[in-house]
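**Student:** I'd like to ask you about the structure that follows.
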Amino acid sequence: MLKKHIKLILKDSEILSEKKFNNIASEADKKNKNILNHLIDKKIISSSLFYKIAADYFNLPFTNLKNKNLSRDALFAIPEATATAHQIIAFNKNKDYIKLATTEPTNLEIFEFIKKKTGLEPKIYLTTPDNIKESIKIYHKNLKEEFGEMEEETEINLKPGEKTEKKLKKLAELPTAKIIDTLLEHAAYQDASDIHIEPEEKKLIVRYRVDGVLHDVVTLAKNLHSGIVARIKILSNLKIDEHQMPQDGRFKMHNKKSKISCRVSIIPTFNGEKIVIRLLNESAQILNLSQIGMQKEELKKVEHNIKKSYGEILVTGPTGSGKTTTLYTILNILNQPEVNISTIEDPIEYHIDRVNQTQVNPKIGFTFAKGLRSLLRQDPDILMVGEIRDKETAEIATHASMTGHIILSTLHTNDTVTTISRLNNLGIPSFLITNNINIIIAQRLVRRICPNCIQSYEINKETTKELNSLFNIKKIMKTMKKKDIISSEKKEMSSLRFYKGKGCAQCNNTGYKGRVGIYEILENSEEISDLILQKANEDDIKDKAKEQGMTTLIEDAFIKARNGITTLEEVMRATQE
């Protein structure tokens, strides 16, 4: 939408004066940002409110596409490329008219084009960019239909003496190129983090990991396997005639809105080579601590400790628990012109402006320890070490934190207290731990309930019995009462209302949309330090931390379930080791 229209809409609705709008527009120009996005980011107006006001301004009806079952017949009346380029969705039609939802009501040329193309009279509605984005995903819902035309024989007739490598290159040029492009594009639209291409005896199974859970997407003919493997090897610059050894590579894919880095792992299995592609959206915006799921009390602890001039901030949890995202979020807060920030990572997942990011390379002996030692000669204020895996890295990180550096890193432990034991096992004396650790953050990821189909319910007796067998419900209820989540700790769990997603088009009928962190944050204190120096057991340290206000992982998960952020099923899945 043009800046002049945005200005008039906000002025007429008395949300912003002309002077204030001009000041904010100047800010946006300096940051090279779209003015409307800048207004939304600053929370001056929400996207939905702006487009509702804009609908009144243009004398058009507003529609929320999330509440509608879109007619595929209407949707496909406009090609996906046109819908994406012009931010327009056809959501219903009959023999006389076609209903169009758009964010650009002044784009009269596209309305006229659609009228000529369909022979139907356009009825224009205003909607939000998020509505358009979610609706465009429907173009990619049914992969089976797209692949039906591609699953054809891929026989290659070699000329006498023609090499195997040439055959593989020919295979890579067949419909496999289109298959891979379609898989990648579909995965990006579904916000998948990984693509698994798994050969079986007579078929090829493709699965996506979405919100941490694998889902079958499509089954392909086995005869496509060789071509797909060859094509991905060529894209990743790997040896196409090597089939007995694992190989790792990477490539990038681009579309109009994002740049995605694809990390490839290929490994030989009994039925052929299995491929896993990790998708990393380099255009993704780094979130703040609140957006990743930290509650107010936890936020205060983290914000207080990251302002210190030295010490270690450790994030812990299993693989795939969001540790790197938390570190990047903290780095983004610390990233100011007056400090020098350097990182040593494996791999570099996202690029951050003004941060010097370095990747380990075991093939040439460039490890976390060597990288960290080198970075200490680069006059750093803040250092991020991707992971503390060994004694050498742990010692260098600890000594660096003693000499006036902020060190951020991760470990693989189950909770905050076991991190202390892990550091002891790596040879770090207790007195150094107490002097240098500022804060330890343990975390897991749980799936968010889809906001478009959320519904409440009361848990039954069987679920109550299962929860009582798995958790200390009395302690959990006590914590929820203390945090004003419930009115009385004496309430029965079965009397509380919880939430789940019914399943809808927006969440692909899973009931979940996105993920959020659950956290346990141990802040170092004089009493905690005394217990560590006394070699107190883990339970005593945890009890003292809880006495000082620490919320455990399980308690935070139950609070989020009670508040309608996640489900009890996710709580059980994420917290049971």
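The values are calculated or read from the model by the stated rules, or taken from the named source; none is laboratory data. Since we're looking at a predicted model, the values are computed, not measured. Note that each Cβ is placed from the backbone with ideal geometry, even for glycine, and that neighbours are counted across all protein chains shown. Keep in mind that these areas ignore ligands, DNA and RNA; they rest on the heavy atoms of the full protein, side chains included. Shrake-Rupley method; radii C 1.70, N 1.55, O 1.52, S 1.80 Å.
**Student:** Under 5 Å between amide H atoms, partner at least 5 residues away or on a different chain: which partners does residue 514 have, H built in plane at 1.01 Å?
**Tutor:** Under 5 Å from the amide H of residue 514: 448.
**Student:** While we're looking at this one, here's another question. Please give me the summed charge of the neighbours of residue 411: other residues whose Cβ is under 10 Å from its Cβ, Lys and Arg +1, Asp and Glu -1.
**Tutor:** +2
**Student:** Could you tell me the convex hull volume per residue, in Å³, taken over the Cα atoms of segment 21-71? The partial results should precede the final answer.
**Tutor:** On the way: hull volume 5.5 nm³, N = 51.
Per-residue hull volume (Cα only) is 108 Å³.
**Student:** Let me know the shape class of segment 415-486, please: from the alpha-carbon gyration tensor, a ≥ b ≥ c as square roots of the eigenvalues, rounded when a/c is under 1.5, otherwise prolate if a/b is greater than b/c, or oblate.
**Tutor:** prolate
**Student:** Also: Are there GluC sites (Glu not before Pro) in segment 1-106 that DSSP marks as loop and that have at most 11 other Cβ atoms within 10 Å, and which are they?
**Tutor:** Taking segment 1-106 and a limit of 11 other Cβ atoms within 10 Å, the loop GluC sites (Glu not before Pro) found are 14.
**Student:** Over segment 334-395, what is the relative contact order in whole percent, taking alpha-carbon pairs under 8 Å and six or more residues apart?
**Tutor:** Worked out over segment 334-395, it gives 39 percent.
**Student:** Also, I was wondering about something else. How much accessible surface area, in Å² rounded to 10, belongs to the heavy atoms of residue 245 with a 1.4 Å probe?
**Tutor:** Rounded to the nearest 10, that gives 110 Å².
**Student:** Once a ≥ b ≥ c are taken as the square roots of the eigenvalues of the Cα gyration tensor of segment 425-560, is the result rounded (a/c under 1.5), prolate (a/b larger than b/c) or oblate (a/b not larger than b/c)?
**Tutor:** Prolate shape, in that a/c is at least 1.5 and a/b is the bigger ratio.
**Student:** Separate question: When the Cα centres of segment 395-446 and segment 85-137 are compared, how far apart do they sit, in Å?
**Tutor:** Between the Cα centre of segment 395-446 and that of segment 85-137, the gap is 55 Å.
**Student:** In deg cm²/dmol, rounded to 500, what helix-only [θ] at 222 nm does the chain give when every DSSP H run of at least 4 residues adds -39500 (n - 2.57) and the total is split over its residues?
**Tutor:** Per the formula, -11500 deg cm²/dmol.
**Student:** Next question, about the same structure. With each pseudo-label sitting 7 Å past Cα toward Cβ, what's the residue 115-residue 354 distance in nm, one decimal?
**Tutor:** 5.0 nm
**Student:** Using Cα-Cα distances under 8 Å and only pairs 6 or more residues apart, what relative contact order does the chain have, in percent?
**Tutor:** The normalised contact order for the chain reaches 9 percent.
**Student:** Another one. Suppose every Lys and Arg Cβ carries +1 and every Asp and Glu Cβ carries -1, with no other charges. What dipole size does the chain come out with about its Cα centre, to the nearest 20 debye?
**Tutor:** 1320 debye
**Student:** Applying 1/(1 + (r/R0)^6) with R0 = 51 Å to the Cβ-Cβ distance of residue 421 and residue 27, what FRET efficiency is obtained, to the nearest 0.05?
**Tutor:** The pair residue 421/residue 27 has a calculated efficiency of 0.55.
**Student:** Another question, if that's okay. Between rounded, prolate and oblate, where does the chain land on the alpha carbon gyration tensor, with a ≥ b ≥ c its root eigenvalues, rounded for a/c under 1.5, else prolate if a/b exceeds b/c?
**Tutor:** oblate
**Student:** Against the globular-protein guess of 2.2 N^0.38 Å, express the Cα radius of gyration of segment 295-436 as a ratio, rounded to two decimals.
**Tutor:** 0.98
**Student:** Would you mind checking 465/560; 252/370; 296/461; 202/259; 475/500 for any pair whose Cα atoms are more than 26 angstrom apart?
**Tutor:** Details: 465/560 20 Å; 252/370 29 Å; 296/461 33 Å; 202/259 35 Å; 475/500 24 Å.
The pairs that break the limit, which is 26 Å between Cα atoms, are 252/370; 296/461; 202/259.
**Student:** With a 1.4 Å probe and all protein chains kept in place, how do 351, 38, 412, 405 rank by accessible area, largest first?
**Tutor:** Sorted by accessible area, descending: 351, 412, 405, 38.
**Student:** Take the alpha carbon atoms of segment 289-325, find their center, do the same for segment 553-575, and report the distance between the two centers in whole angstrom.
**Tutor:** Using only Cα atoms to place each centre, the spacing works out to 19 Å.
**Student:** Work out the length of the dipole vector of segment 1-121 about its Cα centre, built from +1 on the beta-carbon of each Lys and Arg and -1 on the beta-carbon of each Asp and Glu, and round it to the nearest 20 debye.
**Tutor:** Working: 21 positive and 14 negative charges, 55 e Å.
Computed charge dipole of segment 1-121: roughly 260 debye.
**Student:** Also, quick follow-up: Find which of 432, 269, 417 sits farthest along the positive direction of the dipole of the chain, computed with +1 on the beta-carbon of Lys and Arg, -1 on that of Asp and Glu, about the Cα centre.
**Tutor:** Checking the options against the dipole of the chain, the answer is 269.
**Student:** To continue, here is another question. Once phi is turned into θ = phi - 60°, what whole-Hz ³J(HN,Hα) does the Karplus curve with 6.51, -1.76 and 1.60 give for every residue of segment 120-127, x standing for Gly and Pro?
**Tutor:** Computed from phi, the couplings for segment 120-127 are 10, 7, x, 10, 9, 10, 9, 8 Hz.
**Student:** Ordered by residue, what ³J(HN,Hα) values in Hz, to whole numbers, does segment 554-566 give under the Karplus form 6.51 cos²θ - 1.76 cosθ + 1.60, where θ = phi - 60° and Gly and Pro are x?
**Tutor:** Once rounded to whole Hz, the list reads 5, 5, 5, 5, 5, 4, 5, 5, 5, 8, x, 8, 9.
**Student:** Follow-up. By how many nm would the segment from residue 64 to residue 12 lengthen if fully extended, with 0.36 nm per residue of separation less the alpha-carbon distance?
**Tutor:** Gain on extension, residue 64 to residue 12, equals 16.4 nm.
**Student:** With unit charges on the beta carbons (Lys and Arg positive, Asp and Glu negative) and the dipole taken about the Cα centre of the chain, which residue among 54, 44, 330 sits farthest to the positive side?
**Tutor:** So the residue we want is 54.
**Student:** Using a 1.4 Å probe and counting only protein heavy atoms, arrange 196, 243 so the residue with the most accessible area comes first. Don't skip to the answer; put the middle values down first.
**Tutor:** Numbers: 196 20, 243 75 Å².
Output order, biggest surface exposure first: 243, 196.
**Student:** Please give the charge dipole size of segment 62-142, origin at the Cα centre, charges +1 on K and R Cβ atoms and -1 on D and E Cβ atoms. Round to the nearest 20 debye.
**Tutor:** Value, rounded to 20: 300 debye.
**Student:** Return the percentage of antiparallel bridges among DSSP beta bridges fully within the chain, rounded to the nearest 5 %.
**Tutor:** 65 percent
**Student:** Give me the extension gain from residue 533 to residue 271: residue separation times 0.36 nm, minus the current Cα-Cα distance, reported in nm with one decimal.
**Tutor:** Residue separation times 0.36 nm, minus the Cα-Cα distance, leaves 88.9 nm.
**Student:** Sticking with this one: Would you grab the residues whose amide H sits under 5 Å from the one on residue 405? Only those 5+ places off in sequence or on another chain, please, with H modelled 1.01 Å from N.
**Tutor:** Result for residue 405 returns 311.
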